[in-house]
Amino acid sequence: MPSRDGAIARARTFFDTSFRDRLAELVAIPSTSQDAGHDGDLRRYLEQAIRPWLERMGFASITIHPNPCPGFGPILTAERMESAGRPTVLTYGHGDTVRGLEDQWSAGLDPWTLTDEGDVWYGRGTADNKGQHALNLAALQAVLDERGGQLGFNLKLVLETAEERGSAGLREFVAHHRDALAADVLIASDGPRVAPKVPTIATGTRGIFVFDLAIELRPGGVHSGHWGGLTTDPAIVLAHAIASICDRRGKILVRDWLPANGVPASVRDVLDGCPVGGGGEAATIDPDWGEPGLTAAEKIYGWNSFIVLAMLSGRPENPVNAVAPNARARCHIRYTVDTDPTGFEPALRRHLDAHGFEAVRIEHAGVGMAASRTDPAHPWSAGRSPAWSSRSASGHKSSRTPRAGCRATCSWTISACRWSGCRTATMAASSTGRTSTSSRASAARASRRSPGCGGISGKAGFPVTPNAPSTDPSRHGRRRPTIYGFFSVHSRKS
Ligand SMILES: [Zn+2]
């Protein structure tokens with residue numbers, strides 16, 4: 001008699017016996033999209049590593065499409081249809097990685113060789129995103145085996161290879177294949193968890209609004225001995241302009257940038273008790289930083305933040321005795337759906353003018369990534385689906401957050417599906433390959449050991465995998481639930 005427990009047991013067995021070898025095969029293909037000369041590896045990943053696996057699972061219509069943007073990696077689609085009356089899941093992953101940076105890894109480590117060290121697995125793509133989509137396929141196989149070759153739902157797959165270059169072409173691709181990709185739910189395995197050991201359900205993502213602040217006062221630098229104290233210093237003006245935007249403790253002073261009605265009650269509700277932090281990055285949560293009165297979770301999941309990404313005046317690497325001619329800062333706002341980004345630039349202009357910074361220009365302003373959120377009360381989020389499944393499979397209470405942001409070991413993302421192919425609002429469940437991060441220390445060690453964590457898409461940052469094939473049975477509950485996402489799909493229906 002097939003059972004959910006039986007499927008979970010199969011998944012556990014696979015994880016303990018075969019998953020590492022499967023992952024090692026995937027990691028061995030140097031499918032970075034960020035270095036030139038790997039076009040063949042991107043295609044090989046889809047053609048040789050993924051296609052045969054999908055064929056064994058009974059997928060049909062496996063197609064590797066050219067990217068609609070010339071010069072970017074191909075996109076694989078496949079589908080496994082059981083019955084028109086059953087729900088259809090659309091799932092996503094990416095086979096490309098950030099650049100290998102082969103010469104910068106610690107001794108004994110290589111980006112394209114999955115290597116055990118202590119309780120950590122190292123290898124490029126292990127935690128982003130080969131581990132994730134491999135886990136999902138393994139979970140699906142476990143369900144198939146348990147249910148005699150039936151999932152109980154239809155499945156469509158999109159696996160791209162340009163994610164680390166900003167998913168170039170993906171938007172055009174899914175728009176063009178809108179009907180073919182139509183689904184009831186999107187399960188996108190490329191997202192964060194709120195803390196390394198907390199199964200997470202998120203319901204969307206904060207957006208990014210980017211802009212430059214620029215001040216240009218004269219054609220060139222002028223001698224500081226002659227002009228210092230007489231002529232305006234653009235670096236100092238820019239520093240004051242930034243200080244007028246955000247106070248000493250990170251509170252945004254351009255109040256028109258912020259959600260007019262505060263954090264919505266439904267969002268506050270799901271964030272109540274939500275842990276924040278971890279993930280092994282070299283940062284602290286500073287309680288006095290950011291909007292006063294909000295919890296840490298509300299600050300990053302339910303509120304907007306302003307960040308100065310880079311700023312420059314003169315030549316710091318080779319300073320001369322001059323009052324600089326200009327200064328520039330690249331900034332962005334991380335914003336929730338509770339604010340309209342079309343208002344950001346006009347509000348900033350009004351603010352700068354009102355504070356005497358007419359000379360500071362706003363340049364290159366625009367939405368870099370749109371915000372999204374599915375109502376936390378949506379059945380996929382609140383019902384007996386992923387939350388229930390995640391909790392019961394892992395033994396951990398899951399956390400729900402209304403947006404996604406950083407790392408995940410075992411993470412579910414429920415978000416409004418902005419993919420044009422989806423028929424309804426949707427869910428994205430995310431399960432990263434960092435399935436067994438054992439400690440912050442190991443994660444920190446991993447990020448030190450593997451260079452180049454960031455992807456140019458801005459959502460990367462999982463270069464290596466603190467992915468521990470631990471022999472400590474007490475850890476098993478943490479590393480396994482990642483692969484159970486699909487059980488919730490069928491359990492909801494049956
Ligand atoms: Zn990724």
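The values are calculated or read from the model by the stated rules, or taken from the named source; none is laboratory data. Note that the structure is a prediction, hence the values are computed from the model and not measured. Ideal geometry is used to build each Cβ from the backbone, glycine not excepted, and the neighbour counts take in all protein chains shown.
A few remarks follow.
- Sole residue being in a loop (DSSP other than H, G, I, E, B) and under 24 Å from the mean Cα position of the chain (by Cα), chosen from 140, 186, 155, 181: 181
- Filter result (under 23 Å from residue 60 (Cβ atoms) and within 11 Å of the ligand (Cβ to nearest atom)) within the stretch 135-172: 160
- Residue match in the stretch 75-88 (condition: surrounded by 22 or more Cβ atoms within 10 Å (Cβ to Cβ) and within 16 Å of the ligand (Cβ to nearest atom)): yes
- Residue match in the stretch 119-134 (condition: more than 14 Å from the ligand (Cβ to nearest atom), assigned to a loop (DSSP other than H, G, I, E, B), touching a residue at least 24 places away in the same chain (Cβ under 8 Å) and surrounded by fewer than 24 Cβ atoms within 10 Å (Cβ to Cβ)): yes
- Residues of the stretch 20-53 that are within 24 Å of residue 142 (Cα to Cα) and surrounded by fewer than 22 Cβ atoms within 10 Å (Cβ to Cβ): 20, 21, 22, 24, 25, 47, 48, 49, 51, 52, 53.
- Search result, residues across the stretch 286-313 that are more than 23 Å from the chain's Cα centre (by Cα) and buried (at least 18 other Cβ atoms within 10 Å of the Cβ): 291, 313
- For the residues 37, 93, the requirement of being among the small types (Gly, Ala, Ser) and in contact with a His (Cβ under 7 Å, 6 or more places away or on another chain) singles out 93.
- Filtered residue count, the stretch 187-205, keeping only those that are away from the ligand (no atom under 15 Å from the Cβ) and at pLDDT 75 or above: 1
- Residue count for the stretch 34-58, restricted to those that are in a loop (DSSP other than H, G, I, E, B) and touching a strand residue (DSSP E or B) at 6+ places or on another chain (Cβ under 6 Å): 2.
- Residue 5 vs. criteria charged (D, E, K, R), at pLDDT below 95 and in a loop (DSSP other than H, G, I, E, B): no
- Residue list for the stretch 106-118, restricted to those being hydroxyl-bearing (Ser, Thr, Tyr) and either touching a residue at least 24 places away in the same chain (Cβ under 8 Å) or within 16 Å of the ligand (Cβ to nearest atom) (or both): 106, 113
A quick yes/no check of all residues on (1) of a type in the set (Ser, Thr, Tyr); (2) without any contact (Cβ under 8 Å) to a residue 24 or more places away in the chain:
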| residue | (1), (2) |
| --- | --- |
| 203 | yes, no |
| 210 | no, no |
| 226 | no, yes |
| 231 | yes, no |
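- Checked across the stretch 286-294, the condition of being charged (D, E, K, R) and closer than 20 Å to residue 207 by Cβ holds for at least one residue.
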